[in-house]
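What follows is a short report on a single structure.
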Amino acid sequence: MATQEPKVSEELAKKFATEKESAYTRWVRNEGLDIIGAHYIYDLHTVELKPWARRGGNGVYINHEASRTTNDCYVCEIPTGGKLAPQRQLYEEMIYVLDGNGSTTVWNGEGKRITFEWQAGSLFAIPLNVWHQHFNGSGQEPARFLAVTNSPVVINLYDDADFIFNTEYDFKNRFNGEPDYFTNEGTQKGLLLETNFVANAKTIPLIFAKERGAGGGHIRFNLAKGSLNSHISQFPVATYKKAHLHGPGAHVIVLGGEGYSLMWPEGGTPQKYEWKEGSMVVPPDRWYHQHFNTGTSPARYLALKYEGVALRNEQGVPKAWISKRLGGDQIDYADEEQVVRQWFDEALDKVGLTSKMEAAYEAEKVDLPPKQ
């Protein structure tokens with residue numbers, strides 16, 4: 001389901017018609033792939049793909065409204081017992097494995113080469129401009145992954161595919177053939193884990209994060225020393241997160257659990273999107289969104305985005321973590337519309353569950369800022 005966008009007259013639209021296309025959209029079209037313009041995909045495991053001749057697999061792009069200027073997303077499938085063609089690129093890429101198992105080999109211009117294995121649930125990033133090749137480890141089923149990149153920024157900037165995909169330069173501060181590059185555990189700094197590989201995003205331990213509400217856990221990643229960022233959040237059965245907003249391009253992929261999300265623009269009516277493992281929600285630019293667990297197990301999701309559109313205060317804290325009472329972009333439970341709780345109770349009643357939010361409401365009062 002696409003979100004409602006403001007419409008203008010055809011007369012005004014014609015004045016901007018030549019600016020609708022970009023170097024990036026032309027490049028995707030030349031790849032022979034479709035672009036699904038959507039903020040919601042119910043099942044990434046089954047979304048339809050087309051042959052991707054240059055890569056040697058199948059793929060589709062899933063783009064939000066600001067993809068032409070920020071980041072994008074694509075789903076790719078490696079054929080049974082097959083492999084993708086080698087590639088290097090001057091943009092960053094984070095990969096989450098949806099199905100199957102296999103391996104990836106990376107090497108730089110000096111020939112320093114390493115190979116690592118992955119499985120469904122693995123998360124990793126491709127170091128900037130290294131050669132890499134993905135292999136399907138199964139002879140019985142395809143392997144499928146989702147990738148988020150900042151290629152729109154790079155392709156629109158240079159508009160030269162040969163330069164973007166064939167520049168011979170090693171960013172040695174990003175990758176220099178370290179044997180343990182994809183096997184070390186990384187370094188934890190507060191909520192941020194600096195690493196290059198997460199073996200299983202569905203089971204990695206999280207850190208308690210009371211600021212997001214509902215007694216949930218959280219962990220943030222800096223992968224392969226890139227500017228793209230990602231995080232995992234989890235919250236208990238019969239609870240929900242606080243509503244917040246931020247810039248465009250956060251791809252929220254459900255790793256486990258069942259529930260729904262509400263998304264709405266300032267002053268607008270919330271729209272409901274039901275999800276399960278394998279669903280993806282991409283909140284539009286500056287739209288509030290809120291996630292609700294109506295399943296029988298903790299709900300966990302992975303968000304992949306571009307740090308360039310993050311809004312932070314002077315202390316470096318994302319405004320999506322700061323109460324609106326303090327000038328941030330997060331709605332406290334005490335300030336949410338009562339219909340939010342009503343809808344949640346009704347959804348739980350349908351599956352025979354009872355809300356466990358009273359403890360969260362009470363816990364919030366301890367640190368709740370006064371209304372301005």
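Per the listing Y301, Y306, Y288, the residue uniquely in contact with a Leu (Cβ under 9 Å, 6 or more places away or on another chain), within 26 Å of F221 (Cα to Cα), aromatic (F, W, Y) and open to solvent by 30 Å² or more (accessible area, probe 1.4 Å) is Y306. Out of D170, D162, D180, one residue alone is over 19 Å from the mean Cα position of the chain (by Cα), within 19 Å of S227 (Cα to Cα) and acidic (D, E). It is D170. Only strands (runs of 3 or more DSSP E) whose full extent lies in the stretch 266-361 are considered here, and the ones with at least 1 residues that are in contact with a Lys or Arg (Cβ under 6 Å, 6 or more places away or on another chain) are 288-293.
Quick check on G111: is it surrounded by fewer than 16 Cβ atoms within 10 Å (Cβ to Cβ), free of Cβ contacts under 8 Å to residues at least 12 places away in the same chain and over 21 Å from the mean Cα position of the chain (by Cα)? So G111 fits the description; yes.
Are any residues in the stretch 80-105 over 23 Å from the mean Cα position of the chain (by Cα) and either under 27 Å from H39 (Cα atoms) or assigned to a strand (DSSP E or B) (or both), and if so, which ones? Residues satisfying the conditions are K83, T105. If you take the residues of the stretch 185-231 that are under 19 Å from H251 (Cα atoms) and aromatic (F, W, Y), which of them is least open to solvent (accessible area, probe 1.4 Å)? This residue is F221. The C-beta contact set for the stretch 74-93 (first residue assigned by the TED database to the domain that holds F145, second residue basic (K, R), distance under 7 angstrom, 6+ apart or interchain) comprises V75/R144; C76/R55; E77/R144; L84/R55; A85/R54; A85/R55. Being over 20 Å from W264 (Cα atoms), modelled with pLDDT under 80 and not small (G, A, S) is the filter here; which residues of the stretch 1-18 pass it? Matches in the stretch 1-18: K14, K15, T18. Within the stretch 30-63, the residues that satisfy the criterion of being in a loop (DSSP other than H, G, I, E, B) and open to solvent by 50 Å² or more (accessible area, probe 1.4 Å) are D34, Y42, T46, E48, A53, R54. Listed by first and then second residue, the pairs with beta-carbon distance under 7 Å, at least 6 apart or on different chains, first residue in the stretch 292-305 and more than 21 Å from L98 (Cβ to Cβ), second assigned to a loop (DSSP other than H, G, I, E, B) and acidic (D, E), are T294/E258. Of all residues being open to solvent by 10 Å² or more (accessible area, probe 1.4 Å) and among the hydrophobic types (A, V, I, L, M, F, W, C) in the stretch 256-285, which is farthest from the chain's Cα centre (by Cα)? Just the residue, please. Ranking the qualifying residues of the stretch 256-285, first place goes to W264.
Taken over the stretch 130-184, the residue count meeting the criterion of being farther than 19 Å from W107 by Cβ, of a type in the set (S, T, N, Q) and surrounded by fewer than 14 Cβ atoms within 10 Å (Cβ to Cβ) is 1.
The values are calculated or read from the model by the stated rules, or taken from the named source; none is laboratory data. In this text the structure is predicted, and so the values were computed from the model without any measurement. Don't worry about glycine lacking a Cβ; one is built from the backbone with ideal geometry, like all the others, and counts go over all protein chains shown. Remember, those area values only see protein heavy atoms, side chains included, never the ligands or the DNA or RNA. Shrake-Rupley method; radii C 1.70, N 1.55, O 1.52, S 1.80 Å.
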